[in-house]
There are 2 protein chains.
Amino acid sequence: MNKPEVSRASLGRLPLYLEVLKKLQLQNQKSVSAPVIARELGLGEVQVRKDLCAVSGAGKPKVGYDTNGLVRTLEEFLGYSHPNTAVIIGAGKLGRALLDYGGFADYGLEIAAAFDKACSKTLVSETGKPIYPISIFDGYCQSHPVNIAIITVPCDAAQEVCDAVVKNRIKAIWSFAGTRLKVPEDVTVQYENLALSLAYLNKQIL
Amino acid sequence: MNKPEVSRASLGRLPLYLEVLKKLQLQNQKSVSAPVIARELGLGEVQVRKDLCAVSGAGKPKVGYDTNGLVRTLEEFLGYSHPNTAVIIGAGKLGRALLDYGGFADYGLEIAAAFDKACSKTLVSETGKPIYPISIFDGYCQSHPVNIAIITVPCDAAQEVCDAVVKNRIKAIWSFAGTRLKVPEDVTVQYENLALSLAYLNKQIL
């Protein structure tokens with residue numbers, strides 16, 4: 001398993017670089033320097049150089065980066081050529097908000113479907129994505145590639161859902177349920193605690 | 001403005017400590033040691049000591065912490081005695097999910113109401129909180145204390161909403177809109193990028 005080589009903050013800037021580079025591509029600019037990208041985005045040169053270096057190596061002195069090459073490298077790094085697929089378990093308000101959110105594609109991710117215990121037949125979300133009864137989850141996982149499970153069920157249902165995810169050999173879980181999950185060693189869990197984010201802001205202004 | 005003295009991770013553990021301490025209070029335990037708290041929560045002793053030290057100072061050697069005193073200190077630190085109030089602007093799925101989420105109270109925060117452009121009359125959320133037309137936002141802010149604004153509108157509406165927030169002298173913004181906001185220097189903005197959280201998990205499993 002490769003650990004990420006870039007920090008979370010750095011990863012967050014990569015789609016911005018890509019956007020700038022694609023604009024330059026349209027303007028037929030064959031090469032681009034870190035200062036140009038930095039100016040375009042209001043960032044520091046050193047930061048841009050550091051971010052790009054982690055992904056693609058350094059630019060050439062006096063020339064900079066090959067625009068087309070850097071676009072390909074960033075797209076590859078962000079997984080555009082082989083997007084990973086996630087499913088959501090728990091189609092409450094938060095689950096549905098995530099299901100219909102368009103921003104995941106910027107990071108080579110697709111949320112394919114949601115599952116819910118309260119669903120007795122397949123529903124369709126606002127953006128046209130399926131919401132299935134949880135009873136077909138196992139069958140779905142057997143016939144579709146699923147890389148990530150997003151758990152948005154209440155605390156007391158989270159472990160049961162987690163066990164179903166693990167049984168279906170999904171190795172990555174993004175959990176919004178406010179409880180620690182028991183998983184085998186080869187499964188990665190990332191916990192999202194929205195209350196904590198707000199609490200942290202609260203502490204900053206006190 | 002005081003910057004937070006504890007890290008985000010540490011802040012996240014404080015409500016857990018409080019829970020353990022309150023249980024010990026009920027059992028009439030006058031004092032408690034870091035190893036006991038650590039064992040109770042499956043954490044390391046050093047971490048518990050460090051977290052508590054930042055908030056309340058060190059425990060007494062061989063005695064530990066005064067249980068009642070530590071409960072009071074933690075409650076004070078987490079703002080239970082004077083909860084801050086937040087409002088949500090943008091009552092879409094995400095806005096409503098946050099409005100009805102119960103976990104903010106653990107951190108001395110209350111989400112009092114939501115506002116939405118599409119609302120022509122006051123609605124009530126699932127947990128009984130008001131969703132007002134945005135037209136009464138200024139009036140609401142004049143008659144209610146609002147410490148934090150949570151922005152959950154689409155990108156292209158975010159700056160306009162932000163300007164209204166700033167005009168109403170709210171000094172802290174938690175933004176889910178995927179765009180940088182222009183604010184005066186004395187306003188703190190915390191950006192939440194859910195796509196980025198998922199992207200980071202994705203990178204960890206690639």
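The values are calculated or read from the model by the stated rules, or taken from the named source; none is laboratory data. A quick note: this is a predicted structure, and the numbers were derived from the prediction, not measured. Here the Cβ positions follow ideal geometry from the backbone for every residue, glycine too, while neighbour counts run over all protein chains shown. Heavy atoms of the whole protein, side chains included, go into the accessibility calculation; ligands, DNA and RNA do not. Shrake-Rupley method; radii C 1.70, N 1.55, O 1.52, S 1.80 Å.
Longer than 19 Å from Cα to Cα, which of A:Lys22/A:Lys129; A:Lys167/B:Lys93; B:Lys30/B:Lys50; A:Lys203/B:Lys171; B:Lys93/B:Lys167 are they? Say none if no pair is.
Working: A:Lys22/A:Lys129 29 Å; A:Lys167/B:Lys93 30 Å; B:Lys30/B:Lys50 21 Å; A:Lys203/B:Lys171 12 Å; B:Lys93/B:Lys167 26 Å.
Where the Cα-Cα span goes over 19 Å, the pairs concerned are A:Lys22/A:Lys129; A:Lys167/B:Lys93; B:Lys30/B:Lys50; B:Lys93/B:Lys167.
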Subject >> Percent of alpha-carbon pairs separated by more than 20 Å within segment A:67-164 >> reply: 40 percent
Original post:
For the pair A:Lys50 and B:Thr188, how long in nm is the line joining their label points, each one 7 Å along Cα→Cβ?
Top reply: 2.3 nm
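Counting only protein heavy atoms and rolling a 1.4 Å probe, how much accessible area do B and A lose on contact, total for both sides, in Å² to 100? Could you put the intermediate results ahead of the total?
On the way: alone 12730 and 12710 Å², together 20750 Å².
Chain pair B/A: roughly 4700 Å² of buried accessible area.
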Subject >> Nearest-ten-degree value, helix A:155-167 long axis tilted from longest Cα axis of chain A >> reply: 80 degrees
**OP:** First measure r as the distance between the Cβ atoms of A:His144 and B:Lys62, then evaluate 1/(1 + (r/R0)^6) with R0 = 60 Å and state the FRET efficiency to the nearest 0.05.
**Re:** 0.50
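Give me the inter-chain shielding for B:101-112: mean count of other chain Cβ atoms within 10 Å, whole number please.
On the way: counts 7, 3, 8, 6, 1, 4, 9, 4, 5, 0, 1, 0.
Average per residue, whole number: 4.
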Original post:
Between B:Asn168 and the same site in the other copies, what are the distances in nm, shortest first, taking label points 7 Å from Cα along the C-beta direction?
Top reply: 4.1
Original post:
Which whole-Hz couplings ³J(HN,Hα) result when phi for each residue of segment B:94-104 is put into the Karplus expression 6.51 cos²θ - 1.76 cosθ + 1.60, θ = phi - 60°, listed in order with x for Gly and Pro?
Top reply: 5, x, 5, 4, 5, 4, 9, 6, x, x, 5
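Quick check: net charge around A:Pro83, other residues with Cβ under 14 Å of its Cβ, Lys/Arg +1 and Asp/Glu -1? Each step should come with its number before you reach the end.
Details: positive: B:Lys203; negative: A:Glu75, A:Glu76, A:Asp106, A:Glu110.
Net charge in that neighbourhood comes out at -3.
How about segment A:25-120: which trypsin sites (Lys or Arg not before Pro) there lie in a loop by DSSP and see at most 14 other Cβ atoms within 10 Å? Numbers along the way, then the final one.
Details: sites: A:Lys30, A:Arg39, A:Arg49, A:Lys50, A:Lys62, A:Arg72, A:Lys93, A:Arg96, A:Lys117; in loops: A:Lys30, A:Lys62, A:Lys117.
Passing sites in segment A:25-120 are A:Lys30, A:Lys62.
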Subject >> 0 to 90° range, to nearest 10: angle between helix B:8-26 axis and chain B longest Cα axis >> reply: 60 degrees
Original post:
Dipole of the protein assembly as shown, Cα-centred, from +1 at each Lys and Arg C-beta and -1 at each Asp and Glu C-beta, to the nearest 20 debye?
Top reply: 640 debye
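Quick one: putting +1 on the C-beta of Lys and Arg, -1 on the C-beta of Asp and Glu, what dipole do you get for segment A:22-164 around its Cα centre, in Debye to the nearest 20?
Values: 14 positive and 15 negative charges, 149 e Å.
So the magnitude is around 720 debye.
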**OP:** Provide an ascending nm list, one decimal, of label-point separations from A:Lys121 to the equivalent residue in each further copy; define each label point as 7 Å from Cα along Cα→Cβ.
**Re:** 3.3
Subject >> Computed label-point distance, nm, for sites B:Ala105 and A:Glu75 using a 7 Å Cα→Cβ extension >> reply: 5.1 nm
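Tell me, what is the per residue accessible area of chain A in Å², probe radius 1.4 Å?
Details: 10370 Å² over 206 residues.
Accessible area per residue: 50 Å².
Go through segment A:48-111 and name the GluC sites (Glu not before Pro) that are in a DSSP coil and have 14 or fewer other Cβ atoms within 10 Å of their Cβ. Let's see the in-between values first.
Numbers: sites: A:Glu75, A:Glu76, A:Glu110; in loops: none.
Answer in residue order: no site qualifies.
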Original post:
Inter-copy label distances at B:Pro133, 7 Å along the Cα→beta-carbon direction, one decimal in nm, shortest first?
Top reply: 4.3
Subject >> Largest-first principal axis extents of the Cα set of chain B (Å) >> reply: 61, 47, 35
Subject >> Whole-angstrom gap from segment B:90-131 to segment A:178-206, using each part's C-alpha centre >> reply: 21 Å
Subject >> Farthest toward positive dipole pole in chain B [+1 Lys/Arg, -1 Asp/Glu at C-beta], among B:Tyr107, B:Ser120, B:Val166 >> reply: B:Tyr107
Original post:
In peptide A:165-178, how many Cβ atoms from other protein chains are near each Cβ within 10 Å, on average?
Top reply: 2
Subject >> Amide H contacts under 5 Å for A:Thr188, placed H, 5+ residues apart >> reply: A:Ala172, A:Ile173
Original post:
What average number of partner chain Cβ atoms lie no more than 10 Å from the Cβ of the residues making up B:7-16?
Top reply: 3
